[in-house]
Amino acid sequence: MFNPNNVFTKVITLSPALLLALLILPVIGGLVGVLLPAFSYIPALGEIGLSMKGFSALINTAGFSDMVRLSISSAFISTLLAFSINLLLVAAYFTSPWLNRIQRLLGPVLVIPHAAAAIAISFLITPSGMIARLFSPWLSGWQSPADWLLPHDPWGISMILGLTLKELPFLLLMTLAALAQTDLATNLRAQHKMALSLGYSPVTAFFKVVLPNLYPFLRLPVLAVLAYASANVEVPLILGPNAPPTLAVAIMNWFNDVDLTLRIKASAGAIIQLLLTIGLLIVWWCGEKIIKRITQLSLVNGTRNYADKGITWFVHLLTTVIVSCVLLSLVGLILWSFAGYWRFPESLPDQLVLMHWQSAFSHMQTPIMNTLLIGFIATLAAIVLTLFTLEAEQQRGYTLSRFATIVIYLPMLIPSIAFLFGLVWFQEQINSQHALFNVIFSHLLFVVPYVFLSLANSYRRLDPRFMNLAASLGATPTKVFWQIKLPMLATPICIACALGLAVSFSQYLPTLLNGGGRINTLTTEAVALASGASRRVSAVYALVQMLLPALAFALAWFIPKLLIQNQHKGNHA
Amino acid sequence: MIRHKQPHIVICNTLCGLILLLTAPFFSIATEHSPTWQTIVNNGSNKPVYFHAWGGDPQINIYIQWLSEQVRQRYNIELHHIKLTDTSEAVSRVLAEKSAGNYDEGKVDLIWINGANFAVMAQNGLLAPNWAQSLPNFALTNPDKNPAVTLDFGVPTQGMESPWGQAALTFYYDSRAMSAPPYSLAELLTWSAQHQGRFTYPKPPDFIGVSFLKYALIGLTPESLKHLLYQPATEQSATLLLPTLWRYLDALHPNLWRKGRYFVNNSTALRRLMGDTELSLALTFSAPEVPAAVQRYDLPTSIRSYAMHDGSLSNTHFVAIPYNASHINGAKLVANFMLSIDAQAKKQQPHIWGDRTVLDLSLLSEHQAHLFTQPNPHPSSLISTVQSPALAEPHPSWVKVINHGWLMRYGAKGQ
């Protein structure tokens, strides 16, 4: 006999295994697809003997050590900066309504794809950018743009700036998401209040009382930021130096080079990139342990105040600078998208025209449709899989193994450049011809970790008493899942959806490679145009790229309110 | 672009109709001569064709969109433009397919290609051979008298690619920033010393960057040794010719934008810097993009184009079909339509794309040839009255030697 409860329970039981297989097979397959060529095994080029010549060619590349140094320093410094600024902001505004306001101001940055954000920042800091225009010629005396080094400076300062500004809102959102969990937040805020009443000044109280309990929730986001910063290609392409570039950019160039034998060197580079990223993650993890050990004593040394006034003022200043940078680049983007002739040092264009929007929109329909279709399917699949996996956890009564957790976050931590090229090869092997399916599948790899990350804690921390009560009233687990858990999780689910969409919207390499270049999304179009064309068209694309995910987040904010309102109405009726 | 549409489109449509009528007889003669062409039309129609072509220029993208409307009307072919940031992406894809044992269901049907990309694909047997000369419209290029349509950077095409357009290295400058631009390599050096940081060229292996280096190499090589550039590069010839180039660059680089520490990645980035007025002098391989960019507000109105008096590097660009393309016949139909008089005439219109035709206009009727003339040149467009000798592309093997040498000397400068 057909019993929906049984079917549901079966699906639930199977989903963790399905989720793991879905994530682990392509990543491992992709890595194998890179490992073989790295040791000179490419039958298509007539290379079938295993050798190390890829690695020796790599080490002999001019500027190889500079590439590695640049990748390491930019990733580490930008992550450290974004993380520290995030902590300072949260510490200084922990009890103030400004924390949420700042998050709302910086929110839009979170949803801009990295490429678009990098373009916006380059508009800001180039010698002919918004900052220079605002101060010229009355202060700087420049009649034509100065020949200064930003962006593309050899030290990677512009790149660090770009990555920091882009990752800060992500970390802030993750911090606030952790603090949105009712029980954790109540505890932490109560403890913070207690510390204040014991005479600790607010910032010190945050670092001594709140941070040690909060950090476990931030570890993964920070590691993801670090991994991303060390291996991404969009930001260094637009803001970084190119003589030499970062390792990841060099690998991409070698993969795409006309000289096909460079594939061997590129694959060897991908392996080095993988080791470099893993190394950075380990260093961060060790650093965390060391800092914990060192600061253990000072947590309880009783000091109430460490120059808190100064820190608070510094944070005010920092916030103002960051927020004005973000606003100024937004204003710059909007102006460029409407600009007619706009000669330096004018701070406003000579005329405003609709031409760039019109010509962009006449070519944008298909990319927008593709972006939405891929985003919605990938996100829906990710949400269902995540919820079922988490439900399976609760029905089994124990959380996922450490191994499984690592696997889920694998695509976030392994540099995509290290396995995507292999994944394309892998998909060719199993003859997966459907480009749209391949793209959705590859997006799923990147969407799942973020969705899981943003849902897992809320799900695991649901107050079990509700479920126990429902069960004691005779509700089946299926009923509890659909009628108790899901409604209670409406807000986190909506946020996870919006995050999943934003992640999918911004994917560049997976769309390009796994779709065989046949699937055009807003992001692939934007990056293709950013490599050429005009600032004006780039600005239009960057703005539309921002608009789509912003819409998703607006809905994520609005829908739960609507649901709650309806519930209340229902109760009154 | 939108501004130009209304009047021109109407005229253009009527003209297209006329051309169709005029070319119809030619077309039927060609089909009689090659009975297989009808088979190609039958087999190629009603199917998609995936055209992998660089997608960095909106103007060209719009022209390709027009092409796809035309082949839909004629053959019910769904032409998809896969926009590449670099042509080598398509080369990589075909190789990946070959390594995965995909010999007849390739995803790339047609590639816009020339130079080193072509040489690599041809060498590795990645292209379908001996088809270009069978296209009915290929005869319009007068291949016997015009070697530029069967030689790609000096390498015989062997029917692996069909010509699409021609380009010459053109310079453009901001007339508000200087009284007169430099007209030769020697003048460029003195000019750059007077205008510090106002000129740069894209970093090799970018096409324009390498082209600038080739122009410099040809210009700096004494007449008696020039023939070496048109033979495969050897270690001997490289050590003989390259040091003069490096000496020239050593002198030039400190005067460049960012003092030569940073080079942009492509020529469109160059155009953006011209738009920002960070640069006052730049170069391009498609002269008509300059006035078009001025009309789109991307460049200031004070921009003027010109050709160097000591010569302009010239080459042809082609379309090729991978050996494993899924829709070989459809791709041939598209390539043939690209060579038609109406497609070539439209392409040469400055407000459409402005790419020089590969057809031999002397083979056309006066009326047909008239379609290729330019009514009112834009002040920023290239005026071709000044004599600038065409410099033929060196043998493609020089590209690798120049790239390698450049990257070793300038590519990995730390600070």
- When restricted to A:Trp285, A:Trp254, A:Trp336, the only residue of a type in the set (Phe, Trp, Tyr), at pLDDT 90 or above and out of contact with any Ser or Thr (no Cβ under 8 Å at 6 or more places or on another chain) is A:Trp285
- Sole miss for A:Ile59 among (1) touching a residue at least 60 places away in the same chain (Cβ under 8 Å); (2) within 28 Å of B:Trp406 (Cα to Cα); (3) out of contact with any helix residue (DSSP H, G or I) (no Cβ under 7 Å at 6 or more places or on another chain) is condition (1)
- Looking at this structure, is A:Phe344 farther than 19 Å from A:Ala526 by Cβ, within 14 Å of another protein chain (Cβ to nearest Cβ) and either in a helix (DSSP H, G or I) or in contact with a Lys or Arg (Cβ under 7 Å, 6 or more places away or on another chain) (or both)? yes
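Conditions (1) hydroxyl-bearing (Ser, Thr, Tyr); (2) modelled with pLDDT under 85; (3) more than 30 Å from A:Leu211 (Cα to Cα); (4) in contact with a helix residue (DSSP H, G or I) (Cβ under 8 Å, 6 or more places away or on another chain), marked per residue:
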site	(1), (2), (3), (4)
A:Ile119	no, yes, yes, yes
A:Ser122	yes, yes, yes, yes
A:Arg133	no, no, yes, no
A:Ser136	yes, yes, yes, no
A:Leu149	no, yes, yes, yes
A:Ile157	no, no, no, no
A:Leu161	no, no, no, yes
A:Leu165	no, no, no, yes
- Item | Single residue of A:Gln395, A:Gln427 found to be assigned by TED's automatic domain parsing to the domain that holds A:Leu462, more than 30 Å from A:Asn468 (Cα to Cα) and at pLDDT below 90 | A:Gln427
- Query: So how many residues does the stretch A:120-145 have that are in a loop (DSSP other than H, G, I, E, B) and either on the phi < 0 side of the Ramachandran plot or within 13 Å of chain B (Cβ to nearest Cβ) (or both)?
  - Reply: 14
- Message: So for the stretch A:364-375 (the condition being without any contact (Cβ under 8 Å) to a residue 40 or more places away in the chain, hydroxyl-bearing (Ser, Thr, Tyr) and surrounded by fewer than 19 Cβ atoms within 10 Å (Cβ to Cβ)), does at least one residue qualify?
- Response: no
- Message: Given the condition among the β-branched types (Val, Ile, Thr), assigned to a helix (DSSP H, G or I), under 32 Å from the mean Cα position of the chain (by Cα) and within 14 Å of another protein chain (Cβ to nearest Cβ), answer yes or no: does some residue in the stretch A:353-375 qualify?
- Response: yes
- Going through (1) in contact with a Ser or Thr (Cβ under 7 Å, 6 or more places away or on another chain); (2) under 30 Å from A:Tyr200 (Cα atoms) one by one, A:Pro43 fails only at (2)
- Query: Which residues, taken from the stretch B:268-285, are facing another protein chain (nearest Cβ under 8 Å) and among the β-branched types (Val, Ile, Thr)?
  - Reply: B:Thr268, B:Thr277
- Hey, which of the helices (runs of 4 or more DSSP H) in the stretch A:438-556, taking only ones fully inside, have at least 2 residues that are touching a Pro at 6+ places or on another chain (Cβ under 7 Å) and either within 14 Å of another protein chain (Cβ to nearest Cβ) or closer than 24 Å to A:Ser416 by Cβ (or both)? A:490-506, A:522-530
- Task: Would you check which residues across the stretch A:193-208 are over 13 Å from A:Ile311 (Cβ atoms), outside any helix (DSSP H, G or I) and of a type outside the set (A, V, I, L, M, F, W, C) and list them?
- Result: A:Gly199, A:Tyr200
- Task: Filter the stretch A:50-73 down to the residues that are over 22 Å from A:Phe419 (Cα atoms) and small (Gly, Ala, Ser), then identify the one that is nearest to the chain's Cα centre (by Cα).
- Result: A:Ser73
- Task: Hey, can you tell me all the residues within the stretch A:432-469 that are of a type in the set (Lys, Arg) and in contact (Cβ under 8 Å) with a residue 24 or more places away in the chain?
- Result: A:Arg460, A:Arg461
- Message: Please go through the stretch B:365-382 and give me each residue that is among the hydrophobic types (A, V, I, L, M, F, W, C) and either under 20 Å from the mean Cα position of the chain (by Cα) or buried (at least 20 other Cβ atoms within 10 Å of the Cβ) (or both), ordered by number.
- Response: B:Leu371, B:Phe372, B:Leu382
- Could you check B:Val94 against (1) more than 8 Å from every other protein chain (Cβ to nearest Cβ); (2) without any contact (Cβ under 8 Å) to a residue 40 or more places away in the chain and say which number it fails? (2)
- Query: Condition test on B:Arg296, is it under 30 Å from A:Tyr341 (Cβ atoms), within 14 Å of chain A (Cβ to nearest Cβ) and not β-branched (Val, Ile, Thr)?
  - Reply: yes
- Item | Out of A:Arg263, A:Arg293, sole residue that is in a helix (DSSP H, G or I), in contact with a strand residue (DSSP E or B) (Cβ under 9 Å, 6 or more places away or on another chain) and assigned by TED's automatic domain parsing to the domain that holds A:Tyr215 | A:Arg263
- Which of the residues belonging to the stretch B:140-179 are touching a Phe, Trp or Tyr at 6+ places or on another chain (Cβ under 9 Å), under 30 Å from B:Gly275 (Cβ atoms) and in a loop (DSSP other than H, G, I, E, B)? B:Leu169, B:Met178
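Matching residues to (1) at pLDDT 85 or above; (2) in the same structural domain as A:Ile112 (by TED's automatic domain parsing); (3) of a type outside the set (Val, Ile, Thr):
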position: A:Val448; (1), (2), (3): yes, no, no
position: A:Leu453; (1), (2), (3): no, no, yes
position: A:Asn468; (1), (2), (3): yes, no, yes
position: A:Ser472; (1), (2), (3): yes, no, yes
position: A:Val480; (1), (2), (3): yes, no, no
- Query: Could you say which residue among A:Leu226, A:Leu198 is under 28 Å from A:Leu163 (Cβ atoms), more than 14 Å from every other protein chain (Cβ to nearest Cβ) and hydrophobic (A, V, I, L, M, F, W, C)?
  - Reply: A:Leu226
- Would you pick out the residues in the stretch B:183-202 that are in a loop (DSSP other than H, G, I, E, B) and crowded, with 22+ Cβ neighbours inside 10 Å? B:Gly197, B:Arg198, B:Thr200, B:Tyr201, B:Pro202
- Can A:Ile311 be described as surrounded by 13 or more Cβ atoms within 10 Å (Cβ to Cβ), in the same structural domain as A:Val210 (by TED's automatic domain parsing), over 19 Å from A:Thr204 (Cβ atoms) and touching a residue at least 12 places away in the same chain (Cβ under 8 Å)? no
- Give the residue that is farthest from the other protein chains (Cβ to nearest Cβ), with candidates limited to residues of the stretch A:240-253 that are buried (at least 21 other Cβ atoms within 10 Å of the Cβ) and either without any contact (Cβ under 8 Å) to a residue 60 or more places away in the chain or in a loop (DSSP other than H, G, I, E, B) (or both). A:Thr246
- Index of the failed condition, A:Leu50 passing every other in (1) more than 14 Å from chain B (Cβ to nearest Cβ); (2) assigned to a helix (DSSP H, G or I); (3) of a type in the set (A, V, I, L, M): (2)
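The values are calculated or read from the model by the stated rules, or taken from the named source; none is laboratory data. Because the structure is a prediction, the values reported are computed rather than measured. Here Cβ is always computed from backbone atoms with ideal geometry, including for glycine, and neighbour counts include all displayed protein chains.
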